[in-house]
1. Could you give the nm distance between label points at Asp288 and Arg141, where each point is 7 Å from its Cα heading toward the beta carbon?
2. Loop-only check: which GluC sites (Glu not before Pro) in the range 37-139 are DSSP coil with at most 11 other Cβ within 10 angstrom?
3. Sticking with the crude label model, points 7 Å out along Cα→Cβ, report the distance from Leu114 to Asp43 in nm, one decimal please.
4. Which residues make up the longest stretch of the chain that has no trypsin sites (Lys or Arg not before Pro) in a DSSP loop with at most 10 other Cβ atoms within 10 Å?
5. Picking from Asp158, Asp88, Asp73, which is most flexible by a Gaussian network model of the chain using Cα springs under 10 Å?
6. What fraction, in whole percent, of alpha-carbon pairs in the range 30-182 exceed 22 Å separation?
7. Taking the convex hull of the alpha carbon atoms in the chain, what volume per residue do you get, in Å³?
8. Taking 2.2 N^0.38 Å as the expected size of a compact globular protein, what ratio does the Cα radius of gyration of the range 1-87 give against it, to two decimals?
Amino acid sequence: MRRQRTVGRPARFEGIGLHSGRRCRVSVEPAPAWHGVVFVRDDLGGRDVPALQQYRAPMVNATRLERDGAVVDTPEHLLAALYALGVDNVRVRLDGPELPILDGSSLPFARGLLEAGLAEQDEDCPRLVLTAPVSVGDEARRLEAHPFDGFRLTAAIDFEHRHLGHQQLTVRCDRQEDFLAKLAPARTFALREDVERLREMGLVRGGSLDSAIVVGEQGVEGAELRFPDEFVRHKLLDIVGDLALLGCPLRARVLAWRSGHALHGRLADALLADPANWIFESPPGGPDRPPAQPAPPGRAGARAG
């Protein structure tokens, strides 16, 4: 059982929000042990939104947190970086409802956190250890979690598009170096036809070829791919960010077939709903159950993604 961690000093980020198109400023600041990851809406008088599954809310093709009317959109890339770097306790101060998309990956967040330094704390970090398989979905989209001594992810995608097709990859996400080298640089992506549909819905107003991979009939638009299989790598990145809403490290092997944010939320709900499927390992004097709870009915399922 490792020690809990926070950041040594504030890590600051600024950029455009993917969906709002607004300029966003974020400051990831140190917090004491047992605090968890908590977003703070400074523009709403400092209202807190904990990064926990029970505050997950419906969102199209992304993750949204909401508590008492205070919303935090697209936190998944920062959450993935915090989870993979083992940062358990921070206050994430925002000046609006959305995090910046930056280059569409977790790498700028991870680099900023490492530059700020990681500070080990005096308390041990609890963890959720899966003891029985849990699965959600169907033949078209499926997500499974199995007992495993570590945190290993396997994802496969299969798009009916000649420039995408089938991709599959397995990564050990309990090794910081694997996350930084294999997943953190992978950028978000979309088909050109889906971009047009989302814009008609009033979304992706801040999207550009500087912050996403767009795939059209002629292939990848804009910058070259960072990996030949960058698409499945970003799917894995999103899984890490969404499962960070469990509020503690997970020891399990996760298998994903054409999954998305909504299905990731369903898996987190299913994991938390039945204590017979896991053991919560907590240090003496610590809590006796995970900080996260299943999202209330009607909250966790997004309309797409």
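Each reported figure results from applying straightforward, stated rules to the coordinates on display, with no laboratory input. The model shown is predicted, which means the values in this text are computed figures rather than measured ones. Cβ coordinates were reconstructed from backbone atoms using ideal geometry, including for glycine residues, and neighbour counts include every protein chain displayed.
1. 3.8
2. Sites meeting the loop and neighbour criteria: Glu139.
3. 3.1
4. 1-161
5. Largest GNM mean-square fluctuation: Asp158.
6. Counting pairs separated by more than 22 Å, the tail of P(r) holds 52 percent.
7. In the chain, the Cα convex hull volume per residue is 121 Å³.
8. 1.11
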